[in-house]
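Input: a single structure, listed below in structure tokens.
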Amino acid sequence: MKQNRSAPTLEDRIEQLRAEIERVVQDRVDAVAKESPGVPKGVIRNLLTARAPSCACEQYLLLRRQT
């Protein structure tokens, strides 16, 4: 007998991806901040994501290309 499992909605998947992307970006910000004492994390974040500021997915892809 088949179980009725409801798959996550597209909206749920997007929210999950955004949360994961936020963790990746924040991890990178934290790593750079350790190497650059005195530089505000907001500035570091802006520098890391400046080329793709409007879309979290593009920010993630940009950061992945830089490693």
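Brief remarks follow.
- For the residues LEU63, LEU10, the requirement of being more than 9 Å from the chain's Cα centre (by Cα) and of a type in the set (A, V, I, L, M, F, W, C) singles out LEU10.
- Residue identified as within 14 Å of the chain's Cα centre (by Cα) and modelled with pLDDT of 85 or more among VAL29, VAL43: VAL29
The values are calculated or read from the model by the stated rules, or taken from the named source; none is laboratory data. Small disclaimer: the values here were computed from a predicted structure and weren't measured.
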